[in-house]
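One structure below.
The values are calculated or read from the model by the stated rules, or taken from the named source; none is laboratory data. The shown structure was predicted, so the numbers you read here are calculated from the model rather than taken from an experiment. Virtual Cβ from ideal backbone geometry, glycine too; neighbours counted across all protein chains shown. Side chains are part of the model used for accessible areas, which takes the heavy atoms of the whole protein and leaves out ligands, DNA and RNA. Shrake-Rupley method; radii C 1.70, N 1.55, O 1.52, S 1.80 Å.
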Amino acid sequence: MSETTMEKIVSLCKRRGFIFPSSEIYGGLASTWDYGPLGAELKRNLKESWWKSVVHQREDMEGLDAAILMHPHTWKASGHLEGFTDALVDCKNCKKRFRADHLPGEGSKKKCPECKSVIDLDETPPRLFNLMLKTYLGPVEDESAVTYMRPETAQGIFVNFVNVLNSRHRKLPFGIAQIGKSFRNEITPGNFTFRTREFEQMEIEYFVKPEDAASWYERWVQERFQWYESLGINKEKLRLRPHGSDELAHYAKACTDIEYLFPFGWSELEGIANRGDFDLKQHAQVSGKDLTYFDQAQNRRYLPYVIEPSGGVDRAALAFLVDAYREEEVNEATRVVLGLNKELAPFKVAVLPLLKKKPEIVEIAKKICSGLQKKFVVKYDDTAAIGKLYRRQDEIGTLYCVTVDVQSLEDNKVTVRDRDTMQQERIEINLLEKYLTDKLV
Ligand code: ATP
(Lines give C-alpha, C1' and ligand atoms only; values in the text may rest on other atoms or scores of the structure.)
Protein backbone atom coordinates (compact mmCIF):
# COMPACT_ATOMS: atom_id res chain seq x y z
CA MET A 1 0.00 0.00 0.00
CA SER A 2 1.30 3.46 -0.79
CA GLU A 3 2.18 5.76 2.04
CA THR A 4 -0.25 8.38 3.36
CA THR A 5 1.59 11.67 3.42
CA MET A 6 0.48 15.04 4.74
CA GLU A 7 0.81 16.40 1.18
CA LYS A 8 -1.85 13.94 0.00
CA ILE A 9 -4.17 14.84 2.87
CA VAL A 10 -3.74 18.59 2.41
CA SER A 11 -4.36 18.23 -1.32
CA LEU A 12 -7.48 16.10 -0.89
CA CYS A 13 -8.82 18.52 1.73
CA LYS A 14 -8.45 21.44 -0.69
CA ARG A 15 -9.63 19.59 -3.78
CA ARG A 16 -12.76 18.15 -2.19
CA GLY A 17 -13.74 21.00 0.10
CA PHE A 18 -12.70 19.78 3.56
CA ILE A 19 -10.19 22.46 4.51
CA PHE A 20 -9.06 25.65 2.77
CA PRO A 21 -6.31 28.13 3.71
CA SER A 22 -8.04 30.95 5.55
CA SER A 23 -8.57 34.26 3.68
CA GLU A 24 -6.88 32.65 0.70
CA ILE A 25 -7.74 35.40 -1.78
CA TYR A 26 -5.54 37.72 0.30
CA GLY A 27 -2.68 35.25 0.36
CA GLY A 28 -3.90 33.43 3.45
CA LEU A 29 -3.05 33.95 7.11
CA ALA A 30 -0.26 31.79 8.53
CA SER A 31 -1.49 28.54 10.09
CA THR A 32 -5.14 29.54 9.90
CA TRP A 33 -7.62 27.29 8.13
CA ASP A 34 -11.26 27.34 7.09
CA TYR A 35 -13.38 24.21 7.09
CA GLY A 36 -15.21 23.86 3.77
CA PRO A 37 -18.57 22.16 3.16
CA LEU A 38 -17.18 18.66 3.82
CA GLY A 39 -14.97 19.67 6.72
CA ALA A 40 -17.84 21.48 8.42
CA GLU A 41 -19.93 18.27 8.26
CA LEU A 42 -17.05 16.12 9.52
CA LYS A 43 -16.44 18.40 12.49
CA ARG A 44 -20.15 18.53 13.32
CA ASN A 45 -20.32 14.74 13.26
CA LEU A 46 -17.28 14.44 15.50
CA LYS A 47 -18.62 16.90 18.04
CA GLU A 48 -22.04 15.29 17.97
CA SER A 49 -20.55 11.86 18.57
CA TRP A 50 -18.51 13.21 21.48
CA TRP A 51 -21.48 15.06 22.99
CA LYS A 52 -23.69 12.00 22.64
CA SER A 53 -21.17 9.73 24.30
CA VAL A 54 -20.16 12.03 27.17
CA VAL A 55 -23.39 13.97 27.82
CA HIS A 56 -26.52 12.35 26.37
CA GLN A 57 -25.67 8.73 27.04
CA ARG A 58 -24.58 9.25 30.64
CA GLU A 59 -26.49 10.06 33.80
CA ASP A 60 -23.57 11.78 35.47
CA MET A 61 -22.84 14.58 32.99
CA GLU A 62 -24.16 18.02 32.09
CA GLY A 63 -23.42 20.25 29.10
CA LEU A 64 -22.27 23.88 29.11
CA ASP A 65 -21.59 26.64 26.60
CA ALA A 66 -19.65 29.38 28.36
CA ALA A 67 -18.45 32.66 26.85
CA ILE A 68 -15.05 32.93 25.16
CA LEU A 69 -14.39 36.25 26.89
CA MET A 70 -14.07 35.92 30.66
CA HIS A 71 -13.30 38.22 33.57
CA PRO A 72 -9.52 38.85 33.52
CA HIS A 73 -9.24 37.56 37.10
CA THR A 74 -10.08 34.11 35.71
CA TRP A 75 -6.61 33.99 34.17
CA LYS A 76 -4.95 35.18 37.33
CA ALA A 77 -6.63 32.34 39.24
CA SER A 78 -5.94 29.70 36.60
CA GLY A 79 -2.27 30.62 36.45
CA HIS A 80 -2.34 31.54 32.77
CA LEU A 81 -1.33 35.17 33.30
CA GLU A 82 1.82 34.13 35.12
CA GLY A 83 2.64 30.73 33.84
CA PHE A 84 1.26 30.25 30.33
CA THR A 85 4.50 31.22 28.67
CA ASP A 86 7.17 30.04 26.29
CA ALA A 87 10.78 31.21 26.51
CA LEU A 88 11.70 32.88 23.22
CA VAL A 89 14.93 34.00 21.62
CA ASP A 90 15.47 36.49 18.80
CA CYS A 91 18.06 35.82 16.11
CA LYS A 92 20.02 39.06 15.75
CA ASN A 93 20.91 38.27 12.18
CA CYS A 94 17.60 37.32 10.52
CA LYS A 95 15.36 38.86 13.21
CA LYS A 96 13.24 35.72 13.48
CA ARG A 97 11.98 34.53 16.85
CA PHE A 98 12.21 30.94 18.12
CA ARG A 99 11.31 28.88 21.14
CA ALA A 100 14.47 28.55 23.24
CA ASP A 101 13.86 24.85 23.84
CA HIS A 102 13.61 24.19 20.09
CA LEU A 103 17.03 25.63 19.13
CA PRO A 104 19.76 23.21 18.04
CA GLY A 105 23.23 23.64 19.50
CA GLU A 106 25.23 23.09 22.67
CA GLY A 107 25.20 25.05 25.94
CA SER A 108 24.53 28.73 25.40
CA LYS A 109 25.72 28.68 21.79
CA LYS A 110 22.75 27.83 19.59
CA LYS A 111 22.24 27.81 15.85
CA CYS A 112 19.50 29.75 14.12
CA PRO A 113 17.25 27.21 12.33
CA GLU A 114 16.53 29.82 9.67
CA CYS A 115 19.77 31.62 8.71
CA LYS A 116 22.16 29.22 10.51
CA SER A 117 24.06 32.00 12.27
CA VAL A 118 25.09 31.58 15.91
CA ILE A 119 22.66 32.69 18.61
CA ASP A 120 24.51 33.35 21.86
CA LEU A 121 22.05 32.96 24.76
CA ASP A 122 24.41 34.91 27.06
CA GLU A 123 24.11 37.88 24.73
CA THR A 124 20.42 37.54 23.88
CA PRO A 125 18.81 35.73 26.82
CA PRO A 126 15.42 34.08 26.27
CA ARG A 127 12.41 36.19 27.17
CA LEU A 128 9.10 34.90 28.38
CA PHE A 129 6.21 35.34 26.01
CA ASN A 130 2.61 34.85 27.09
CA LEU A 131 0.57 32.63 24.78
CA MET A 132 -2.75 34.33 25.52
CA LEU A 133 -4.24 36.59 22.85
CA LYS A 134 -5.07 39.97 24.29
CA THR A 135 -7.86 42.29 23.32
CA TYR A 136 -9.69 45.32 24.71
CA LEU A 137 -13.34 45.44 25.68
CA GLY A 138 -15.20 48.69 25.19
CA PRO A 139 -14.20 51.96 23.54
CA VAL A 140 -11.08 52.80 25.54
CA GLU A 141 -7.95 50.80 24.88
CA ASP A 142 -6.27 51.10 28.26
CA GLU A 143 -5.08 48.60 30.86
CA SER A 144 -8.46 48.43 32.58
CA ALA A 145 -10.07 47.22 29.34
CA VAL A 146 -7.62 44.36 28.73
CA THR A 147 -9.34 41.01 28.22
CA TYR A 148 -8.07 37.71 26.88
CA MET A 149 -9.34 35.24 24.34
CA ARG A 150 -9.65 32.06 26.40
CA PRO A 151 -6.67 29.70 25.88
CA GLU A 152 -8.81 26.75 27.02
CA THR A 153 -12.50 26.14 27.59
CA ALA A 154 -11.90 24.51 30.98
CA GLN A 155 -12.04 27.71 33.04
CA GLY A 156 -15.59 28.43 31.85
CA ILE A 157 -16.51 25.14 33.51
CA PHE A 158 -14.74 25.81 36.82
CA VAL A 159 -16.32 29.24 37.27
CA ASN A 160 -19.75 27.67 36.68
CA PHE A 161 -19.23 24.69 39.00
CA VAL A 162 -21.57 25.99 41.70
CA ASN A 163 -24.18 27.19 39.16
CA VAL A 164 -24.45 23.76 37.59
CA LEU A 165 -24.25 21.95 40.94
CA ASN A 166 -27.18 23.95 42.33
CA SER A 167 -29.37 24.36 39.25
CA ARG A 168 -29.16 20.66 38.46
CA HIS A 169 -29.31 19.38 42.07
CA ARG A 170 -26.17 17.35 41.53
CA LYS A 171 -24.22 15.14 43.88
CA LEU A 172 -20.66 13.94 43.38
CA PRO A 173 -19.48 12.42 41.18
CA PHE A 174 -20.65 14.40 38.18
CA GLY A 175 -19.07 16.15 35.25
CA ILE A 176 -19.53 19.13 32.95
CA ALA A 177 -18.72 18.97 29.26
CA GLN A 178 -18.11 21.80 26.86
CA ILE A 179 -17.11 22.27 23.23
CA GLY A 180 -15.77 25.59 22.03
CA LYS A 181 -13.09 27.71 20.45
CA SER A 182 -9.84 28.46 22.22
CA PHE A 183 -6.97 30.70 21.21
CA ARG A 184 -3.23 30.48 21.79
CA ASN A 185 -0.59 32.64 20.24
CA GLU A 186 1.51 29.58 19.38
CA ILE A 187 5.07 30.43 18.34
CA THR A 188 5.53 27.42 16.14
CA PRO A 189 2.17 26.45 14.71
CA GLY A 190 2.14 23.93 11.91
CA ASN A 191 1.54 20.46 10.56
CA PHE A 192 -1.62 21.64 8.81
CA THR A 193 -4.46 21.89 11.36
CA PHE A 194 -2.56 20.06 14.11
CA ARG A 195 -1.29 23.19 15.82
CA THR A 196 -3.06 26.44 15.09
CA ARG A 197 -3.71 29.67 16.97
CA GLU A 198 -7.47 29.32 16.85
CA PHE A 199 -8.83 25.85 17.52
CA GLU A 200 -11.73 24.00 19.03
CA GLN A 201 -11.61 21.97 22.22
CA MET A 202 -13.86 19.28 23.71
CA GLU A 203 -13.30 19.37 27.45
CA ILE A 204 -14.73 17.66 30.49
CA GLU A 205 -14.23 18.52 34.13
CA TYR A 206 -15.34 15.57 36.22
CA PHE A 207 -15.81 16.39 39.92
CA VAL A 208 -15.20 13.60 42.43
CA LYS A 209 -14.53 12.93 46.09
CA PRO A 210 -10.78 13.30 46.65
CA GLU A 211 -10.44 9.66 47.68
CA ASP A 212 -12.09 8.51 44.42
CA ALA A 213 -9.95 10.61 42.09
CA ALA A 214 -7.34 7.98 41.23
CA SER A 215 -9.86 5.38 40.14
CA TRP A 216 -11.97 7.88 38.17
CA TYR A 217 -8.80 9.02 36.43
CA GLU A 218 -8.12 5.44 35.27
CA ARG A 219 -11.72 5.06 34.11
CA TRP A 220 -11.66 8.25 32.06
CA VAL A 221 -8.37 7.29 30.40
CA GLN A 222 -9.98 4.03 29.25
CA GLU A 223 -13.27 5.60 28.23
CA ARG A 224 -11.68 8.31 26.16
CA PHE A 225 -9.36 5.84 24.44
CA GLN A 226 -12.36 3.66 23.60
CA TRP A 227 -14.21 6.58 22.05
CA TYR A 228 -11.54 6.95 19.35
CA GLU A 229 -11.58 3.18 18.83
CA SER A 230 -15.37 3.11 18.57
CA LEU A 231 -15.16 5.50 15.64
CA GLY A 232 -12.99 3.06 13.76
CA ILE A 233 -9.49 4.45 14.18
CA ASN A 234 -6.67 1.98 13.51
CA LYS A 235 -5.72 0.62 16.95
CA GLU A 236 -2.10 0.22 15.96
CA LYS A 237 -1.85 3.95 15.44
CA LEU A 238 -3.37 4.92 18.79
CA ARG A 239 -1.55 4.74 22.10
CA LEU A 240 -1.63 5.96 25.68
CA ARG A 241 1.39 7.85 26.93
CA PRO A 242 1.47 8.43 30.69
CA HIS A 243 3.46 11.53 31.66
CA GLY A 244 6.63 11.15 33.66
CA SER A 245 6.76 12.99 36.99
CA ASP A 246 9.15 15.57 35.44
CA GLU A 247 6.50 16.44 32.82
CA LEU A 248 3.59 16.98 35.20
CA ALA A 249 2.35 20.45 36.06
CA HIS A 250 3.09 21.18 39.74
CA TYR A 251 -0.55 20.70 40.78
CA ALA A 252 -1.30 17.61 38.64
CA LYS A 253 -1.36 14.21 40.29
CA ALA A 254 -1.27 12.28 37.01
CA CYS A 255 -1.68 12.82 33.29
CA THR A 256 -1.93 10.55 30.26
CA ASP A 257 -1.98 11.60 26.62
CA ILE A 258 -3.85 9.77 23.90
CA GLU A 259 -1.55 9.90 20.90
CA TYR A 260 -2.01 9.10 17.21
CA LEU A 261 0.72 8.13 14.78
CA PHE A 262 0.47 10.95 12.20
CA PRO A 263 2.76 11.01 9.13
CA PHE A 264 4.86 13.47 11.20
CA GLY A 265 5.09 11.13 14.20
CA TRP A 266 3.24 10.24 17.41
CA SER A 267 1.37 13.34 18.57
CA GLU A 268 -1.18 14.25 21.22
CA LEU A 269 -4.90 14.16 20.46
CA GLU A 270 -6.13 14.47 24.01
CA GLY A 271 -4.82 14.66 27.56
CA ILE A 272 -6.49 13.19 30.64
CA ALA A 273 -5.31 14.73 33.90
CA ASN A 274 -6.02 14.34 37.59
CA ARG A 275 -5.85 18.00 38.60
CA GLY A 276 -6.63 17.56 42.29
CA ASP A 277 -8.48 20.56 43.75
CA PHE A 278 -6.07 23.10 42.24
CA ASP A 279 -8.54 24.95 40.00
CA LEU A 280 -11.45 25.28 42.42
CA LYS A 281 -9.06 26.27 45.21
CA GLN A 282 -7.52 29.00 43.05
CA HIS A 283 -10.88 30.39 41.95
CA ALA A 284 -12.19 30.32 45.51
CA GLN A 285 -9.15 32.27 46.63
CA VAL A 286 -9.16 34.92 43.89
CA SER A 287 -12.96 35.39 43.80
CA GLY A 288 -13.50 35.13 47.55
CA LYS A 289 -16.46 32.81 46.89
CA ASP A 290 -17.10 29.51 48.58
CA LEU A 291 -16.72 26.77 45.98
CA THR A 292 -16.80 23.84 48.37
CA TYR A 293 -19.22 20.95 48.13
CA PHE A 294 -21.30 19.79 51.08
CA ASP A 295 -21.29 16.02 51.27
CA GLN A 296 -24.53 15.15 53.12
CA ALA A 297 -23.71 11.48 53.54
CA GLN A 298 -20.38 12.27 55.19
CA ASN A 299 -21.58 15.51 56.78
CA ARG A 300 -18.47 17.38 55.63
CA ARG A 301 -17.50 20.17 53.27
CA TYR A 302 -14.59 19.95 50.87
CA LEU A 303 -13.30 20.99 47.47
CA PRO A 304 -13.89 18.20 44.96
CA TYR A 305 -10.99 16.79 42.98
CA VAL A 306 -11.17 17.09 39.21
CA ILE A 307 -10.44 14.69 36.38
CA GLU A 308 -10.00 16.54 33.09
CA PRO A 309 -10.20 14.80 29.71
CA SER A 310 -9.28 17.55 27.26
CA GLY A 311 -9.21 16.94 23.51
CA GLY A 312 -8.99 18.96 20.33
CA VAL A 313 -11.71 18.82 17.67
CA ASP A 314 -9.30 19.82 14.90
CA ARG A 315 -6.69 17.29 15.92
CA ALA A 316 -9.27 14.52 16.12
CA ALA A 317 -10.66 15.50 12.70
CA LEU A 318 -7.15 15.43 11.25
CA ALA A 319 -6.40 12.04 12.81
CA PHE A 320 -9.61 10.52 11.43
CA LEU A 321 -8.91 12.00 7.98
CA VAL A 322 -5.36 10.62 7.90
CA ASP A 323 -6.51 7.29 9.28
CA ALA A 324 -9.35 6.93 6.77
CA TYR A 325 -7.28 7.75 3.68
CA ARG A 326 -6.35 4.86 1.43
CA GLU A 327 -5.38 4.26 -2.17
CA GLU A 328 -6.40 1.12 -4.04
CA GLU A 329 -5.52 -0.18 -7.47
CA VAL A 330 -8.72 -0.82 -9.41
CA ASN A 331 -8.55 -1.70 -13.12
CA GLU A 332 -5.06 -0.26 -13.33
CA ALA A 333 -6.20 3.06 -11.94
CA THR A 334 -5.82 4.44 -8.43
CA ARG A 335 -8.97 4.72 -6.39
CA VAL A 336 -8.71 7.10 -3.44
CA VAL A 337 -11.12 6.22 -0.64
CA LEU A 338 -11.84 7.95 2.63
CA GLY A 339 -12.99 5.00 4.68
CA LEU A 340 -14.60 7.15 7.36
CA ASN A 341 -16.82 5.47 9.92
CA LYS A 342 -20.56 5.84 9.20
CA GLU A 343 -21.00 8.23 12.11
CA LEU A 344 -18.28 10.55 10.82
CA ALA A 345 -18.74 10.45 7.04
CA PRO A 346 -19.95 13.90 5.89
CA PHE A 347 -22.48 12.51 3.40
CA LYS A 348 -24.11 9.16 3.98
CA VAL A 349 -25.70 8.69 0.56
CA ALA A 350 -25.33 10.19 -2.94
CA VAL A 351 -28.11 9.89 -5.50
CA LEU A 352 -26.85 9.85 -9.07
CA PRO A 353 -28.87 9.77 -12.30
CA LEU A 354 -27.19 7.63 -14.93
CA LEU A 355 -28.60 9.65 -17.80
CA LYS A 356 -29.28 13.24 -16.94
CA LYS A 357 -30.65 13.87 -20.42
CA LYS A 358 -33.70 11.77 -19.57
CA PRO A 359 -36.07 13.92 -17.51
CA GLU A 360 -37.91 10.85 -16.11
CA ILE A 361 -34.66 9.54 -14.60
CA VAL A 362 -33.75 12.92 -13.13
CA GLU A 363 -37.23 13.25 -11.68
CA ILE A 364 -37.06 9.87 -9.91
CA ALA A 365 -33.52 10.57 -8.66
CA LYS A 366 -34.51 13.94 -7.21
CA LYS A 367 -37.60 12.46 -5.58
CA ILE A 368 -35.55 9.68 -3.98
CA CYS A 369 -33.02 12.26 -2.81
CA SER A 370 -35.53 14.57 -1.15
CA GLY A 371 -37.26 11.59 0.48
CA LEU A 372 -34.03 10.28 1.99
CA GLN A 373 -32.91 13.76 3.08
CA LYS A 374 -35.54 13.68 5.81
CA LYS A 375 -33.50 10.97 7.47
CA PHE A 376 -29.88 11.19 6.31
CA VAL A 377 -27.42 13.66 4.85
CA VAL A 378 -27.93 12.91 1.16
CA LYS A 379 -26.59 14.71 -1.93
CA TYR A 380 -27.74 14.70 -5.52
CA ASP A 381 -25.04 14.94 -8.18
CA ASP A 382 -25.32 14.87 -11.96
CA THR A 383 -22.32 16.98 -12.89
CA ALA A 384 -20.23 14.21 -14.46
CA ALA A 385 -20.31 10.70 -15.89
CA ILE A 386 -21.07 7.91 -13.44
CA GLY A 387 -17.50 6.60 -13.12
CA LYS A 388 -16.26 10.04 -12.16
CA LEU A 389 -19.17 10.57 -9.75
CA TYR A 390 -18.32 7.32 -7.94
CA ARG A 391 -14.67 8.34 -7.57
CA ARG A 392 -15.67 11.72 -6.19
CA GLN A 393 -17.96 10.16 -3.60
CA ASP A 394 -15.26 7.63 -2.65
CA GLU A 395 -12.82 10.47 -2.02
CA ILE A 396 -15.16 12.21 0.39
CA GLY A 397 -16.19 9.02 2.15
CA THR A 398 -19.85 8.77 1.06
CA LEU A 399 -21.03 5.36 2.21
CA TYR A 400 -23.60 4.53 -0.48
CA CYS A 401 -24.27 5.67 -4.03
CA VAL A 402 -27.78 5.17 -5.34
CA THR A 403 -27.99 5.14 -9.14
CA VAL A 404 -31.16 5.61 -11.15
CA ASP A 405 -30.97 4.22 -14.71
CA VAL A 406 -33.22 3.44 -17.65
CA GLN A 407 -34.16 0.10 -16.18
CA SER A 408 -35.38 1.85 -13.03
CA LEU A 409 -38.21 3.30 -15.13
CA GLU A 410 -39.43 -0.23 -15.77
CA ASP A 411 -38.66 -2.24 -12.62
CA ASN A 412 -38.80 0.53 -9.97
CA LYS A 413 -35.40 -0.59 -8.72
CA VAL A 414 -32.16 1.33 -8.23
CA THR A 415 -28.54 0.25 -7.92
CA VAL A 416 -26.96 0.72 -4.51
CA ARG A 417 -23.16 0.71 -4.45
CA ASP A 418 -21.17 0.15 -1.28
CA ARG A 419 -18.16 2.49 -0.87
CA ASP A 420 -15.80 -0.10 0.58
CA THR A 421 -16.61 -3.26 -1.34
CA MET A 422 -17.85 -1.52 -4.53
CA GLN A 423 -20.48 -4.28 -4.63
CA GLN A 424 -23.71 -3.27 -6.30
CA GLU A 425 -27.20 -4.42 -5.42
CA ARG A 426 -30.55 -3.78 -7.08
CA ILE A 427 -33.04 -2.55 -4.49
CA GLU A 428 -36.71 -1.71 -4.92
CA ILE A 429 -37.26 2.01 -4.57
CA ASN A 430 -39.96 1.60 -1.94
CA LEU A 431 -37.61 -0.58 0.16
CA LEU A 432 -34.61 1.74 -0.23
CA GLU A 433 -35.13 3.75 2.94
CA LYS A 434 -35.39 0.61 5.04
CA TYR A 435 -32.35 -0.91 3.32
CA LEU A 436 -30.24 2.19 4.07
CA THR A 437 -31.59 2.54 7.60
CA ASP A 438 -30.49 -1.03 8.36
CA LYS A 439 -27.01 -0.20 7.10
CA LEU A 440 -26.55 3.27 8.53
CA VAL A 441 -28.35 3.45 11.83
P1 ATP B 1 0.63 20.59 23.00
O2 ATP B 1 1.59 19.95 23.96
O3 ATP B 1 0.48 19.84 21.71
O4 ATP B 1 0.86 22.06 22.84
P5 ATP B 1 -1.09 20.86 25.20
O6 ATP B 1 -0.65 19.74 26.07
O7 ATP B 1 -0.65 22.25 25.48
O8 ATP B 1 -0.80 20.49 23.67
P9 ATP B 1 -3.69 21.05 26.29
O10 ATP B 1 -3.45 22.36 26.91
O11 ATP B 1 -3.72 19.83 27.14
O12 ATP B 1 -2.65 20.84 25.09
O13 ATP B 1 -5.01 21.14 25.39
C14 ATP B 1 -5.89 20.05 25.25
C15 ATP B 1 -6.09 19.69 23.80
O16 ATP B 1 -6.39 20.82 23.01
C17 ATP B 1 -4.87 19.07 23.14
O18 ATP B 1 -4.79 17.69 23.41
C19 ATP B 1 -5.14 19.34 21.69
O20 ATP B 1 -6.00 18.33 21.13
C21 ATP B 1 -5.88 20.65 21.71
N22 ATP B 1 -4.94 21.74 21.38
C23 ATP B 1 -4.13 22.40 22.24
N24 ATP B 1 -3.41 23.34 21.60
C25 ATP B 1 -3.78 23.28 20.30
C26 ATP B 1 -3.42 24.00 19.13
N27 ATP B 1 -2.54 24.98 19.18
N28 ATP B 1 -4.00 23.66 17.95
C29 ATP B 1 -4.91 22.67 17.89
N30 ATP B 1 -5.31 21.96 18.96
C31 ATP B 1 -4.77 22.26 20.15
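Structure summary
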{"item": "D (Stokes-Einstein, µm²/s), Kirkwood Cα radius, the stretch 347-440, 1.567 mPa s at 4 °C", "result": "100 µm²/s"}
{"item": "Per residue accessible area in Å² of the chain, where ligands, DNA and RNA are left out and the probe is 1.4 Å", "result": "50 Å²"}
{"item": "Under Karplus coefficients 6.51, -1.76 and 1.60, residue-wise ³J(HN,Hα) of the stretch 41-57 in Hz, glycine/proline x", "result": "5, 4, 5, 4, 5, 4, 5, 5, 4, 5, 4, 4, 6, 9, 10, 5, 9"}
{"item": "Cα convex hull volume per residue for the chain (Å³)", "result": "205 Å³"}
{"item": "Accessible surface of the stretch 85-130, 1.4 Å probe, proportion on carbon and sulfur as whole %", "result": "51 percent"}
{"item": "Distant-in-sequence amide H partners of LEU269 (H built 1.01 Å from N, under 5 Å)", "result": "ILE258, GLU259, TYR260"}
{"item": "Most to least packed among 367-373, 234-240, 309-315 [average Cβ atoms within 10 Å]", "result": "309-315, 367-373, 234-240"}
{"item": "Among GLY175, GLY28, GLY339: highest mean-square fluctuation, GNM of the chain, C-alpha pairs under 10 Å", "result": "GLY28"}
{"item": "Label-point separation in nm, LEU440 to SER267, each point 7 Å along Cα→Cβ", "result": "3.2 nm"}
{"item": "Accessible-area composition of the stretch 347-440, carbon plus sulfur, in percent [1.4 Å probe]", "result": "52 percent"}
{"item": "SER11, SER167, ranked by accessible area, largest first (probe 1.4 Å)", "result": "SER167, SER11"}
{"item": "Candidates ALA254, ALA100, ALA284: whichever shows maximal mean-square fluctuation once the chain is modelled as a Gaussian network with Cα springs under 10 Å", "result": "ALA100"}
{"item": "In order through the stretch 211-225: 3J(HN,Hα) via Karplus (6.51 cos²θ - 1.76 cosθ + 1.60), integer Hz, x for Gly, Pro", "result": "6, 9, 4, 4, 6, 5, 4, 4, 4, 5, 4, 5, 5, 5, 4"}
{"item": "³J(HN,Hα) computed for each position of the stretch 63-77 - Karplus, 6.51 cos²θ - 1.76 cosθ + 1.60, integer Hz, glycine/proline x", "result": "x, 8, 9, 7, 6, 6, 8, 10, 4, x, 5, 3, 7, 6, 5"}
{"item": "Unpartnered cysteines - no second Cys beta carbon under 4.7 Å - across the chain", "result": "CYS13, CYS255, CYS369, CYS401"}
{"item": "Span from the the stretch 220-264 Cα centroid across to the the stretch 380-441 one, whole angstrom", "result": "38 Å"}
{"item": "Separation in nanometres of the label points that stand 7 Å from Cα toward Cβ, at ASP65 and LEU131", "result": "2.7 nm"}
{"item": "For the stretch 289-356 and the stretch 147-179, distance of Cα centres in Å", "result": "22 Å"}
